[in-house]
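Participant: To start, I am sharing the structure in question, which I have written as structure tokens.
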Amino acid sequence: MADRVTVIGWDGSPLTAAARSALSAATLVAGAAHHLALPEVPPGAERVRLGSVDLAARRIAGHRGTAVVLADGDPGFFGVVRTLRAPEHGLEVEVVPAVSSVAAAFARAGMPWEDARIVVAQQRTLRRAVNVCRAHPKVAVLTSPGAGPAELALLLDGVHRTFVVCEELGTEREQVSVLTSDKAADHSWRDPNVVLVIGGTAGGPPAAPWLMGQDPAAPPVRGWGLPPEEYDPAGHGGRTRAGEDSSLRAAQLARLGPRTGDLVWDIGCAGGAFSVEAARFGAAVIAVDLDPAACARTEQAARRHGVRLQTVRGRAPHVLESLPEPDVVRVAGGGVAVVTACTDRRPERIVAHASTRDEAEAIGAALADGGYSVESLLLQTVGLDPHDWSERERSVVFLLSGRRTDTPHG
């Protein structure tokens, strides 16, 4: 095993005295090609090109001597330190950090970043990274080959964002470009790069943030499954329709479990209550409705509650064909035909409701035929007047929820 392993972060600036001292004593140096070309690397040291960090860690573990690993930015921030410290390698490391590429990117843009979300985009995580960009107004994306600015832009189709693309930060070839997301797919970008994805604010006065990654403009609304008037205070949606009861909405949210990185379809968004509450959990939301007034109410509710979502006007199931792949789906209108179209897209979970037993049985059968395990509940809620405990409003509805059977933890 290596006698000592030092991980040195490099941000393009001259190495610190501590970094130069560790590097001068190294008998093995691992890093990318531009790291191994640094003049401070000892001529007699064994050099390891850092492709797979896991393979390099095994090589270091078997080395007798002093090892140094060079990495861009802060190696403890989405960097190599996590892999090197994995129990199977048994390595104890010392870290000499540098300015992280995310901090450098925001510095180049002249923007604060304590309210930013930070994601890693690889080919297997690209879709979830894009969903975070849909849901949040300020996201830093650490890209990789095949999951760069062009790919982000293509998957954000229909959602306007501003891209700040920072190529080869800290090197002589550093370049910072600012452009709209619809233009980013037309360019070829150099690796490595960091993309700042900036969207419009949802309204509300700015506030001093106190928690990293949170949106300080979002109003501090407590609870979920809130009454419809929280989302439509003017009552433009009229009398609450079947399926819009807040208790049903709470049960639907509990079964779908929307979270950061998910894309939620809300089909039949009506006044936007479900869409807004799903977005408040950090998920990206596409709200679908044939009625333009419903789309407008949903957008107003989103602005009022400080969340971002996308509305799509059209008739389901046909309008669903052009939408990106969902993780979870709520079907509030369209019945069996829409449920079947959704099962074809294989989201992890689907919820729907019905007013009659026959309709509930048909929806349950459609879920089962689509490869989903089905839960069926009859939910009854009775609103009471607290003064005399008389019945004020009653809602009876069937809740159907499906979990995809080929998802181990779905």
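Here's the yes/no breakdown for (1) among the basic types (Lys, Arg); (2) farther than 17 Å from residue 344 by Cβ; (3) crowded, with 16+ Cβ neighbours inside 10 Å; (4) in contact with a helix residue (DSSP H, G or I) (Cβ under 7 Å, 6 or more places away or on another chain):
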site	(1), (2), (3), (4)
360	no, yes, yes, no
377	no, yes, no, no
380	no, yes, no, no
389	no, yes, no, no
406	no, no, no, no
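Participant: Let me ask another. In the list 271, 306, which residue meets the criterion of being small (Gly, Ala, Ser), outside any helix (DSSP H, G or I), closer than 24 Å to residue 400 by Cβ and open to solvent by less than 40 Å² (accessible area, probe 1.4 Å)?
Facilitator: The unique qualifying residue is 271.
Participant: Quick one: which of 365, 293, 301 is surrounded by 18 or more Cβ atoms within 10 Å (Cβ to Cβ) and either under 28 Å from the mean Cα position of the chain (by Cα) or not in a strand (DSSP E or B) (or both)? Spell out the reasoning first.
Facilitator: Details: 365 fails: surrounded by 18 or more Cβ atoms within 10 Å (Cβ to Cβ); 293 fails: surrounded by 18 or more Cβ atoms within 10 Å (Cβ to Cβ).
Result of the check over 365, 293, 301: 301.
Participant: Which residue pairs have Cβ atoms closer than 7 Å, lie 6 or more positions apart in sequence or on different chains, and pair a first residue in the stretch 139-164 that is touching a residue at least 12 places away in the same chain (Cβ under 8 Å) and charged (D, E, K, R) with a second residue that is part of a strand (DSSP E or B) and open to solvent by 20 Å² or more (accessible area, probe 1.4 Å)?
Facilitator: 161/198
Participant: Moving on to the next point. Residues of the stretch 125-141 being touching a helix residue (DSSP H, G or I) at 6+ places or on another chain (Cβ under 9 Å) and open to solvent by 30 Å² or more (accessible area, probe 1.4 Å), which ones?
Facilitator: 127
Participant: Still on this model: For the stretch 27-65, name all the residues that are of a type in the set (D, E, K, R) and more than 24 Å from residue 86 (Cα to Cα).
Facilitator: Once the filter is applied, which keeps residues that are of a type in the set (D, E, K, R) and more than 24 Å from residue 86 (Cα to Cα), the stretch 27-65 yields only 40.
Participant: Here is a further query. Regarding residue 394, is this residue open to solvent by 60 Å² or more (accessible area, probe 1.4 Å), touching a residue at least 12 places away in the same chain (Cβ under 8 Å), under 22 Å from residue 231 (Cα atoms) and not in a helix (DSSP H, G or I)?
Facilitator: Values: open to solvent by 60 Å² or more (accessible area, probe 1.4 Å): yes; touching a residue at least 12 places away in the same chain (Cβ under 8 Å): yes; under 22 Å from residue 231 (Cα atoms): yes; not in a helix (DSSP H, G or I): yes.
Yes; evaluated as a whole, the condition is true for this residue.
Participant: Is the stretch 84-102 home to any residue that is within 23 Å of residue 326 (Cβ to Cβ), free of Cβ contacts under 8 Å to residues at least 60 places away in the same chain and not in a helix (DSSP H, G or I)? Spell out how you get there, then give the answer.
Facilitator: Within the stretch 84-102, the subset within 23 Å of residue 326 (Cβ to Cβ) is none.
Checked against the condition, which is being within 23 Å of residue 326 (Cβ to Cβ), free of Cβ contacts under 8 Å to residues at least 60 places away in the same chain and not in a helix (DSSP H, G or I), the stretch 84-102 yields no hits at all.
The values are calculated or read from the model by the stated rules, or taken from the named source; none is laboratory data. Just so we're clear, the structure is a prediction, and the values are computed from it rather than from any experiment. Here Cβ is always computed from backbone atoms with ideal geometry, including for glycine, and neighbour counts include all displayed protein chains. These area figures cover heavy atoms from the full protein model, side chains too; ligands, DNA and RNA do not enter into them. Shrake-Rupley method; radii C 1.70, N 1.55, O 1.52, S 1.80 Å.
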